[in-house]
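Enquirer: The structure is given below, and queries will be raised subsequently.
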Amino acid sequence: MKKINFVFFAILLVIGFVIGYVFNNNKDNKLTPLPKQEKSEGLRGIYDIDKNINEKTIDNYLGRSDVVYRDVRMLEDTATWENKGGERDLTGFIEGFEVVPYAYLTEFPQEYIDQKKAENVSGLYTGKTLFRLENGKYVANYEESMDILNYLFPKDKIIFLMCGAGGYANFTKQMLVALGWDENKIYNVGGFWNYEGNRAISTKVNGKDKCDFSKVPYHNIDFERLNEVK
């Protein structure tokens with residue numbers, strides 16, 4: 001009798017495993033289709049922030065296997081964003097997002113630099129970047145630049161971009177599209193400074209005016225190990 005019970009129990013385990021496997025895979029393969037991209041109104045539309053998937057609704061679209069989530073802020077920005085109501089430090093991020101600073105991908109367009117200066121924001125990053133702008137085109141500074149970009153922003157996935165207010169994310173999308181990415185698969189979901197959900201992870205150290213970035217899933221680009229294009 002004990003042997004029969006053991007066999008019966010083993011069969012139940014196998015059946016449970018199969019049902020669970022099928023359910024999970026079917027669930028993953030039948031993800032709810034995302035709303036088609038639609039620009040917001042006003043300045044947010046100029047920044048190409050999506051009307052449907054943004055800081056107010058992003059919690060409803062987290063954890064999808066068909067999406068990669070990228071926050072393109074710097075850990076410690078060099079620009080004086082506090083003069084415009086923003087923050088220099090990455091004081092928090094949304095669960096599931098990985099940080100890839102736009103400032104390390106390519107240089108800022110001159111018109112953006114001039115615009116920020118007029119808004120009393122100065123000190124935008126001017127260090128090394130994977131690409132540079134020449135006559136409106138993105139030119140690789142390193143032999144590995146495109147490989148790194150493909151790794152960080154996989155073309156076979158939908159890409160959600162976020163930054164502080166939406167500007168860096170907009171420029172990241174423009175760059176990717178110019179270099180061959182499908183614009184229909186890249187959503188600018190806005191800025192963390194306007195986030196209204198409950199999935200934020202704070203980096204602030206309790207009682208102190210500083211941040212602990214050890215919590216941040218951060219993609220560092222070590223320019224010293226790359227080979228410059230001659």
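The values are calculated or read from the model by the stated rules, or taken from the named source; none is laboratory data. Note that the structure is a prediction, hence the values are computed from the model and not measured. Note: ideal-geometry Cβ built from the backbone for every residue, glycine included; neighbour counts use all protein chains shown.
Enquirer: Keeping to the range 65-85, report how many residues are touching an Asp or Glu at 6+ places or on another chain (Cβ under 9 Å), in a loop (DSSP other than H, G, I, E, B) and surrounded by fewer than 19 Cβ atoms within 10 Å (Cβ to Cβ).
Expert: Selection size over the range 65-85: 3.
Enquirer: Can you name every one of the strands (runs of 3 or more DSSP E) wholly within the range 107-215 that holds 3 or more residues which are under 30 Å from residue 85 (Cα atoms) and assigned by TED's automatic domain parsing to the domain that holds residue 80?
Expert: 131-134, 158-163, 186-191, 200-202
Enquirer: Moving on to the next point. Being within 21 Å of the chain's Cα centre (by Cα) and either within 13 Å of residue 174 (Cα to Cα) or of a type in the set (D, E, K, R) (or both) is the filter; apply it to the range 104-117 and report the residue that is surrounded by the fewest Cβ atoms within 10 Å (Cβ to Cβ).
Expert: Only one residue fits best here, namely 109.
Enquirer: Give me the pairs: first residue in the range 210-229 and exposed (fewer than 15 other Cβ atoms within 10 Å of the Cβ), second residue assigned to a loop (DSSP other than H, G, I, E, B) and of a type in the set (Asp, Glu), beta-carbon distance under 8 Å, and six or more apart or on different chains, which are they?
Expert: Going by the 8 Å Cβ cut-off, the qualifying pairs are 227/143; 227/144; 228/143; 229/143.
Enquirer: Could you check, for the range 191-199, whether at least one of its residues is within 21 Å of residue 40 (Cα to Cα), hydroxyl-bearing (Ser, Thr, Tyr) and out of contact with any Ser or Thr (no Cβ under 6 Å at 6 or more places or on another chain)?
Expert: yes
Enquirer: Within the range 118-128, does at least one residue satisfy the condition of being surrounded by fewer than 17 Cβ atoms within 10 Å (Cβ to Cβ), touching a residue at least 40 places away in the same chain (Cβ under 8 Å) and basic (Lys, Arg)?
Expert: Yes.
Enquirer: Moving to a separate point now. In the range 136-160, what count of residues is obtained for those that are farther than 26 Å from residue 225 by Cβ and buried (at least 21 other Cβ atoms within 10 Å of the Cβ)?
Expert: Total satisfying the criteria: 1.
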